[in-house]
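Each remark here refers to the structure printed beneath this line.
The values are calculated or read from the model by the stated rules, or taken from the named source; none is laboratory data. Keep in mind it's a predicted model, so treat the numbers as computed, not measured. Here the Cβ is made from the backbone with ideal geometry for all residues, glycine too, and neighbour counts use every protein chain on show. The area values use the complete protein model at the heavy-atom level, side chains included, leaving out ligands, DNA and RNA. Shrake-Rupley method; radii C 1.70, N 1.55, O 1.52, S 1.80 Å.
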Amino acid sequence: QICNMFKEVLDIKYFKNNSDVKNAANNVNNALSNAEGEIIKILYMDDFFVDSNALGKIYKAFQENSGKWLINGFTHSDYERTKFFDTRIPCFDDKRVNGDNTTGNPSSYAVRKEYVLEMDENLLWLVDGEYFYRSYFNYGDPIIINDILVAFREHEYSAFLDPKYMELDQKERKYCVEKDRKSTRLNSSHRCISY
């Protein structure tokens, strides 16, 4: 109904995810596979733009840089979007996934269509950091926009506050280490990462 309401002014397409897999990675992968634009910008359903020129800034950054993927500044908000806190400029200088996600969640991520990667649907807790690291491993350093473009909305149902996801930390770290070792054997120039 919302798409139909705005179809005369915006080119919006709605694709329902009918997969039996019910997690964020699967949902993002469904969206990525249906996206048609030159630049793909992920925005999680709880998150929102705080800069009205965000999409223009992302497009300009891709036009002015040869990088294949991009991360931008971000902040956090309460559920009502009235309080903002923990504002950060993304950094990716240590090339590690170490539990302290300095790059934000995928709402701070954009990529050129031809370099889209699927998220690892085996991960629930470390899915974001692993995705950012794999983007680096495959495509090098990101374009970084220091401007704060998006807010991650926090609320009682946020996955990263859910103890059942937090309990997956060690299990998923082991999974990522083994996955990284396999990638290292396939590519001797790859730098091992610490989890």
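Where nothing but the Cβ of Lys and Arg (+1) and of Asp and Glu (-1) is charged, how large is the charge dipole of the chain around its Cα centre, in debye to the nearest 20?
Details: 26 positive and 31 negative charges, 118 e Å.
Charge dipole, the chain, about its Cα centre: 560 debye, nearest 20.
Quick check: net charge around Asp120, other residues with Cβ under 9 Å of its Cβ, Lys/Arg +1 and Asp/Glu -1?
After counting each charged neighbour, the total is -1.
Helix 24-34 sits at what angle to the longest principal axis of the chain, using alpha carbons and giving 0 to 90 degrees rounded to 10?
That works out to roughly 60 degrees.
Hey, any idea what % of the chain's accessible area is carbon plus sulfur with a 1.4 Å probe?
Its accessible area is 50 percent carbon and sulfur atoms.
Could you do me a favour and compute the accessible area per residue for the chain, 1.4 Å probe, result in Å²? List each step's numbers first, then the result.
Working: 11820 Å² over 195 residues.
Per residue, the chain has an accessible area of 61 Å².
Of the beta bridges DSSP finds with both residues in the chain, what % are antiparallel, to the nearest 5?
Roughly 60 percent of the beta bridges in the chain run antiparallel, per DSSP.
Shape call for the stretch 33-126 from the C-alpha gyration tensor, a ≥ b ≥ c root eigenvalues: rounded (a/c under 1.5), prolate (a/b greater than b/c) or oblate?
Values: a/c = 1.40, a/b = 1.15, b/c = 1.22.
Rounded.
Express the Stokes-Einstein translational diffusion coefficient of the stretch 1-73 in µm² s⁻¹, to the nearest whole number, given a Kirkwood radius over alpha-carbon pairs, 25 °C and a viscosity of 0.890 mPa s.
168 µm²/s
Anything over 18 Å Cα to Cα? Flag those among Lys13/Lys41; Lys22/Lys182; Lys41/Lys83; Lys22/Lys164; Lys41/Lys113; Lys60/Lys113, in the order listed.
Lys22/Lys182; Lys41/Lys83
When we measure straight from the Cα of Lys16, which aspartates and glutamates land under 17 angstrom away, once same-chain ones fewer than 8 places off are left out?
Within reach: Glu36.
Just the accessible area for Arg153, please: 1.4 Å probe, Å², rounded to the nearest 10?
That residue has around 40 Å² of solvent-accessible surface.
Shape verdict for the chain, please, from the Cα gyration tensor: rounded (a/c under 1.5), prolate (a/b greater than b/c) or oblate.
It is rounded, given that a/c, with a ≥ b ≥ c, falls under 1.5.
Given Asn53, Thr102, Tyr175, which one lies farthest toward the positive end of the charge dipole of the chain, if we put +1 on the Cβ of every Lys and Arg and -1 on the Cβ of every Asp and Glu?
Most positive-ward Cα: Tyr175.
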